[in-house]
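The values are calculated or read from the model by the stated rules, or taken from the named source; none is laboratory data. These numbers come from a predicted model, not from an experiment. Positions of Cβ are backbone-derived with ideal geometry, glycine not excepted, and every protein chain shown enters the neighbour counts. Heads up: the accessible areas ignore ligands, DNA and RNA and are worked out on the full protein's heavy atoms, side chains in. Shrake-Rupley method; radii C 1.70, N 1.55, O 1.52, S 1.80 Å.
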Amino acid sequence: MFTKVKTQNEINLMRKSGKMLAQVLDILEKELKPGMSTKDLSNIAAKELKKLGGQPTFLGYQGFPDVLCVSLNDEIVHGIPSKKRIIQEGDLVGMDFGVTYQGMITDAARTVIAGKPKQNQHIQLVERTKESLMAGINVIHDGIRTGDIGNAIQDVLDKYKYGIVQDLVGHGVGHSLHEDPNIPNYGRKGTGPWLSKGMTIAIEPMVTLGDYNVRLAEDKWTILTQDGSWSAHFEHTILITEDGYEILTQ
Ligand code: MG
């Protein structure tokens, strides 16, 4: 289903949903410490979202068993939280969360370094992945095409010679977690479907220090880099407006 132009009421619900999501990610970022398990993070997310009055979108989505995706280091996305998975000093911790509020969904992710970074290139990877997300967001306006967004993201990442994951992409969001169209993190200007004001989309560059090839873990969920290189992921849900955009998940 192609993402719909949302009504004013739906937009207001998504603003609330996105605000809750940002609050939970802020708390996770603050609480994150080496020595915690990835399940500790999902427990915090579940508890805090309940307090705020939202529902966790990911739990049960296509069978996903938890409220939060936590992906470490060479894991790019869709990591399943586990009590046995202990976060180490310097790990790159990707946290991806979805919130449903009165039927309306927002989706966002951040990558944070646990404790002291191991390498300068990890700090740069995190900062530059965020930079590419903001570059993609900055070009958004009524009438933009998906290729314009992908091109803006790719421009930043090519400059740093990073791997841009191609098998996973941004997407429409709102009534469902994943709505059409796909929004790749690469592309040519002036190509792809047109997007108009009132539509809501998730932009989410997934970036590696190596190449773009991925593999699926034995758990059938976690997506890892094939070459073992470390990766970062940032995501916001965006409302397209007449002359620009509004970030709903901050
Ligand atoms: Mg997403």
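Scan Leu125, Leu68, Leu133 and give me the residue that is on the phi < 0 side of the Ramachandran plot and free of Cβ contacts under 8 Å to residues at least 60 places away in the same chain.
Leu68
Which one of these does Thr241 not meet: (1) touching a residue at least 40 places away in the same chain (Cβ under 8 Å); (2) in contact with a Gly (Cβ under 9 Å, 6 or more places away or on another chain); (3) surrounded by 17 or more Cβ atoms within 10 Å (Cβ to Cβ)?
The number of the failed condition is (3).
I'd like to know if segment 183-190 contains one or more residues that are surrounded by 15 or more Cβ atoms within 10 Å (Cβ to Cβ), polar (S, T, N, Q) and not in a loop (DSSP other than H, G, I, E, B).
No, the conditions are met nowhere in segment 183-190.
Quick check on my filter: what residues within segment 94-128 are closer than 21 Å to Glu75 by Cβ, part of a strand (DSSP E or B) and more than 15 Å from the ligand (Cβ to nearest atom)?
Result: Val112, Ile113.
Return the residues of segment 66-92 that are out of contact with any Cys (no Cβ under 8 Å at 6 or more places or on another chain), within 15 Å of Leu224 (Cβ to Cβ) and assigned to a strand (DSSP E or B); say none if nothing qualifies.
Cys69, Val70, Ser71, Leu72, Glu75, Ile76, Leu92, listed by residue number.
Among the candidates Thr3, Thr7, Thr38, single out the residue that is out of contact with any strand residue (DSSP E or B) (no Cβ under 6 Å at 6 or more places or on another chain) and hydroxyl-bearing (Ser, Thr, Tyr).
Thr7
Can you find a residue in segment 34-48 that is assigned to a strand (DSSP E or B) and open to solvent by 10 Å² or more (accessible area, probe 1.4 Å)?
no
What are the residues in segment 82-99 that are buried (at least 20 other Cβ atoms within 10 Å of the Cβ) and over 12 Å from the mean Cα position of the chain (by Cα), if any?
Ile87, Asp91, Leu92, Val93, Val99
Test of understanding: among Lys189, Lys161, Lys197, which residue is of a type in the set (D, E, K, R), more than 11 Å from the ligand (Cβ to nearest atom) and within 19 Å of Thr241 (Cβ to Cβ)?
Sole residue among the options that is of a type in the set (D, E, K, R), more than 11 Å from the ligand (Cβ to nearest atom) and within 19 Å of Thr241 (Cβ to Cβ): Lys197.
Anything in segment 207-250 that is within 14 Å of the ligand (Cβ to nearest atom) and touching a helix residue (DSSP H, G or I) at 6+ places or on another chain (Cβ under 8 Å)? List them, or say none.
Those that are within 14 Å of the ligand (Cβ to nearest atom) and touching a helix residue (DSSP H, G or I) at 6+ places or on another chain (Cβ under 8 Å): His233, Phe234, Glu235, His236, Thr237, Ile238, Leu248, Thr249.
Do you know which residues across segment 136-168 are among the β-branched types (Val, Ile, Thr), touching a residue at least 40 places away in the same chain (Cβ under 8 Å) and within 19 Å of Pro193 (Cβ to Cβ)?
Scanning segment 136-168 gives Ile137, Ile140, Ile144, Thr146, Ile149, Ile153.
Considering only residues that are open to solvent by less than 60 Å² (accessible area, probe 1.4 Å), touching a residue at least 60 places away in the same chain (Cβ under 8 Å) and out of contact with any Phe, Trp or Tyr (no Cβ under 7 Å at 6 or more places or on another chain), which ones fall in segment 205-220?
Met206, Val214, Ala217 - these are the residues of segment 205-220 that are open to solvent by less than 60 Å² (accessible area, probe 1.4 Å), touching a residue at least 60 places away in the same chain (Cβ under 8 Å) and out of contact with any Phe, Trp or Tyr (no Cβ under 7 Å at 6 or more places or on another chain).
Looking at Ile153 and the list (1) open to solvent by less than 50 Å² (accessible area, probe 1.4 Å); (2) within 16 Å of the ligand (Cβ to nearest atom); (3) part of a loop (DSSP other than H, G, I, E, B), which single condition is not satisfied?
(3)
Name every residue in segment 168-182 that is surrounded by 18 or more Cβ atoms within 10 Å (Cβ to Cβ) and of a type in the set (D, E, K, R), in order of residue number.
The answer is Glu179, and nothing else.
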